[in-house]
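Presented below is the structure to which this report refers.
All of the numbers you see were taken from the coordinates with simple rules; none came from a lab. The structure displayed is predicted, hence computed values, not measured ones. Glycine gets a Cβ as well: all are built from the backbone with ideal geometry, and neighbour counts include every protein chain shown.
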Amino acid sequence: MTESKEKRTATEEKIVFENSQGTRIVGILHAPEKPTPVVVVTAHGLAANKERPRLRRLAEALAGEGIAALRIDFGGSGESDEREITIAAEVDDLQSAIEEVKNRGYKNIGLVGESLGAIVSLLTCSEDVDAMVLWAPVTVAKDEEAGLSDEQKKELAQKGQAPKIRPVNT
């Protein structure tokens with residue numbers, strides 16, 4: 001016996017808020033027809049923005065299942081104010097997005113971070129975040145190799161993956 005599932009409707013609303021530095025952040029809130037306390041905030045990668053097709057499809061699918069979703073443009077990307085792109089600034093943007101959804105009444109907050117947005121999500125994680133999904137997270141940047149021992153650098157070069165990080169005695 002097959003159960004038919006009717007597609008739920010959702011609305012899309014452009015929202016604008018500021019981070020703690022006054023940078024204007026633009027997002028699209030996908031709200032399901034029936035009110036929900038659950039929202040997922042997406043964090044895009046370095047060369048992307050909120051209009052990335054997979055993030056749009058994810059938000060639409062979540063809203064169709066009764067879960068709200070907020071896609072944001074980090075500062076320096078998409079429709080948000082121009083500024084230098086740094087991890088610290090993106091953490092501020094994502095923290096501000098979390099505050100924005102809390103102010104709108106959402107209580108259960110999830111994050112989906114892709115690439116650089118995954119690292120930003122990890123760094124933003126707090127008691128306000130109930131769940132997190134990381135898509136292709138950046139784990140070790142080339143500049144971070146300076147903090148690796150010679151043995152760890154050799155392992156990274158040979159295996160093509162980040163070695164288990166152990167403190168290096170300096």
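Can you tell me how much longer the chain between residue 127 and residue 104 gets when fully stretched, taken as 0.36 nm per residue apart minus their C-alpha distance, in nm with one decimal? Mind dumping the intermediate values first?
On the way: separation 23, 0.36 × 23 = 8.28 nm, distance 1.76 nm.
Separation in residues times 0.36 nm, less the Cα-Cα distance, equals 6.5 nm.
Rounded to the nearest 5, what % of DSSP beta bridges with both residues in the range 3-149 are antiparallel?
In the range 3-149, DSSP labels about 45 percent of beta bridges as antiparallel.
From a point 7 Å beyond the Cα of residue 9 in the direction of its Cβ, which residues of the range 20-43 have a backbone N at a distance under 14 Å?
31-35
What is the distance in Å between the Cα centroid of the range 71-103 and that of the range 39-58?
With the range 71-103 and the range 39-58 each reduced to a Cα centre, they are spaced 12 Å.
Sorted by average packing, counted as other Cβ atoms within 10 angstrom per residue and highest first, what order do 38-44, 78-84, 58-64 take?
Those peptides, ordered most packed to least, come out 38-44, 58-64, 78-84.
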